[in-house]
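One structure below.
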Amino acid sequence: MISKPAQLRSLLLSDELEFILEAHNGISSRIVEEAGFRGIWASGLALSAQFGVRDNNEASWTQVVDMVEFMADVTSIPILLDGDTGYGNFNNMRRLVRKLEQRGIAGVCIEDKLFPKTNSFIAGDRQELADINEFCGKIAAGKDSQTDDDFCVIARVEAFIAGWDCTEAIRRAEAYRAAGADAILIHSAHSQPDQILEFATEWANRAPLVIVPTKYYSTPTEQFRHANISLVIWANHLIRSAVSAMQETAARIHAEQTLVEVEDDICSVKEIFRLQGADELADAERRYFLDSRKEASAIILAASRGDELASLTDERPKVMLPINGKPLLERLVERCKKQQINNVTVVAGYKADKIAATGIDLVVNENFASTGELASLACARASFRDEMVVMYGDLIFRGYVLRGLVESDREFTIVVDSRAADVDSSGSPDFAYCSASDDRSLWGQDVTLEHVSNSPTANAADNHGRWIGMFRTRASGRQWLERALDELSSRADFESLSLRDLLNQIIGNGHPIRVIYIHGHWLDVNSVQDLEKAGVFTAGH
Ligand code: SPV
Ligand code: MG
């Protein structure tokens, strides 16, 4: 990949006539590159115009440099900055060159006028030129400051603009060349190229010549070739076309008081997204952002038969029971994938060979008949990840329940249904005792779990709800989980332990378990009545 300064240098030195086009911000720079140009003119006139200020150094040089940095960031072709008079003396010029190199700019053009400058087309002949020696010092200072040998300093001769003749123009150009300028920009405000052509003949290729045919625009380009011009700058045509288009659109919208008519005449929002590089961001998200989510895993505990369901589970485990035509397990896996949890491990046991769902890893707890949930979880240990959700396989819930859990920024989070604290429930409910009851606040409370038990205390108000059988870990939370699992697995009664014991062990070890309260919107399937409820709950889902 050729560096941008080297690209600019080769444009100046090429045997062909080359062209660069004005741009004044990031999006116009992209447009120049996409049109096929091999370089960009960061025009002082256009840059100040897009800021809405005059071309009289009203925008500070750092504001200009900030903008050209945006332009360089979104393009791969070289940018030549119109550096006006260098924003001061030789010392300012030194700093300018260093900063431009740092921002990825390929070269700078400075003109032999006085700071603050005025655009050449505004009473040019009344403008005072710089002292030749002073300007030569500025060129030399710039050249001495560059760290990349290819960075280009172009000297712009304003002699014609200020009313001088070709002799003065040549005298200045020669002095600037001798001071180290890489090329000479010879400017003219005539509507014919007479001054430029006379100068080019006199100049006789002593250094590359650059022109700005804004005023003598009707000149056939072939004449510039014959005159051995190196580089043509189309200096302000994007800002001018943008202004025309904006004026027309603004007037139409104002008059029509609707967008209907203009919509088809202006570029689509999609085109703006494209020019902003939205696709690249989407790719990067897939690589850097969603991939990390992809690493998130879910472990679904699905080893039990579901005894209360009697003959319905003669031939298949509970998780394979269809609810409105779709097995419980498939619904769960879909919920996980919707949250970009793509590693789903199912711990099967009873009728494990009947477990079927796309994109899951199956682990079998061979001792399912004599062991509890914790033993099943331990079977999936190889699938543990830092970002992990563990859940019972018989759960049905609205999508936000899992989303809230996945988005929790805590190390260990569980979901508690505050509504179900004392209502009828099948199975053996896990009562949660928390640091505070659900105040139904919109933004969630900072509540921690204190204890979980399957026997409600005599005073039902003491428990704060039902743990729905779902938790989520992050990196440290996973370590707390693994440590608790290690500790519990050394106990003689490990085989009969439940996830409740695990949560209580983690709390006992001094780790906070965050509670997210919900209010209904879920159920677990333990009985035939639950199956009916599940049918109603999932109707249409
Ligand atoms: C510019 O584009 O800002 C220039 C060229 O300096 S001109 O406006 O023609 O002077
Ligand atoms: Mg300018």
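The values are calculated or read from the model by the stated rules, or taken from the named source; none is laboratory data. Values in this document were obtained by computation on a predicted structure and should not be read as measured data. Backbone-built Cβ (ideal geometry, glycine too); neighbour counts: all protein chains shown. Calculation scope for accessible area: heavy atoms of the full protein, side chains included, ligands and nucleic acids excluded. Shrake-Rupley method; radii C 1.70, N 1.55, O 1.52, S 1.80 Å.
Key figures
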quantity: Residues located in region 204-234, provided they are crowded, with 22+ Cβ neighbours inside 10 Å, hydrophobic (A, V, I, L, M, F, W, C) and part of a loop (DSSP other than H, G, I, E, B); calculated: VAL212, ILE229
quantity: Residue count for region 111-158, restricted to those that are of a type in the set (A, V, I, L, M), part of a loop (DSSP other than H, G, I, E, B), surrounded by 16 or more Cβ atoms within 10 Å (Cβ to Cβ) and within 14 Å of ligand 1 (Cβ to nearest atom); calculated: 0
quantity: Helices (runs of 4 or more DSSP H) wholly inside region 429-541 containing at least 2 residues that are farther than 22 Å from GLY393 by Cβ and open to solvent by less than 70 Å² (accessible area, probe 1.4 Å); calculated: 475-489, 499-508
quantity: Tally, over region 30-48, of residues that are more than 9 Å from ligand 1 (Cβ to nearest atom) and hydrophobic (A, V, I, L, M, F, W, C); calculated: 5
quantity: Number of positions in region 67-108 that are of a type in the set (A, V, I, L, M), away from ligand 1 (no atom under 16 Å from the Cβ), crowded, with 24+ Cβ neighbours inside 10 Å and in a loop (DSSP other than H, G, I, E, B); calculated: 1
quantity: Odd one out for LEU275, checked against (1) assigned by TED's automatic domain parsing to the domain that holds ALA380; (2) part of a helix (DSSP H, G or I); (3) in contact with a Gly (Cβ under 9 Å, 6 or more places away or on another chain); calculated: (1)
quantity: In region 159-197, the residues that are in contact with a strand residue (DSSP E or B) (Cβ under 9 Å, 6 or more places away or on another chain) and β-branched (Val, Ile, Thr); calculated: ILE161, ILE170, ILE184, ILE186, ILE196
quantity: Top-ranked residue of region 55-66 - restricted to ones that are touching a residue at least 24 places away in the same chain (Cβ under 8 Å) and in contact with a helix residue (DSSP H, G or I) (Cβ under 6 Å, 6 or more places away or on another chain), ranked as farthest from ligand 1 (Cβ to nearest atom); calculated: VAL65
quantity: Residue within region 338-350 that is part of a loop (DSSP other than H, G, I, E, B), open to solvent by 70 Å² or more (accessible area, probe 1.4 Å) and closer than 23 Å to LEU502 by Cβ present; calculated: no
quantity: From ARG225, ARG252, residue being away from ligand 2 (no atom under 16 Å from the Cβ), more than 24 Å from GLY36 (Cα to Cα) and charged (D, E, K, R); calculated: ARG252
quantity: Those residues of region 18-29 which are within 13 Å of ligand 1 (Cβ to nearest atom) and among the charged types (D, E, K, R), in sequence order; calculated: GLU22
quantity: Residue among ARG331, ARG305, ARG335 that alone is part of a loop (DSSP other than H, G, I, E, B), under 16 Å from ASP394 (Cα atoms) and open to solvent by 20 Å² or more (accessible area, probe 1.4 Å); calculated: ARG305
quantity: Candidates LEU80, LEU13, LEU47, filtered to the one that is under 15 Å from HIS237 (Cα atoms) and at pLDDT 95 or above; calculated: LEU47
quantity: Only one of ILE239, ILE253, ILE266, ILE323 that is surrounded by 12 or more Cβ atoms within 10 Å (Cβ to Cβ) and touching a His at 6+ places or on another chain (Cβ under 7 Å); calculated: ILE239
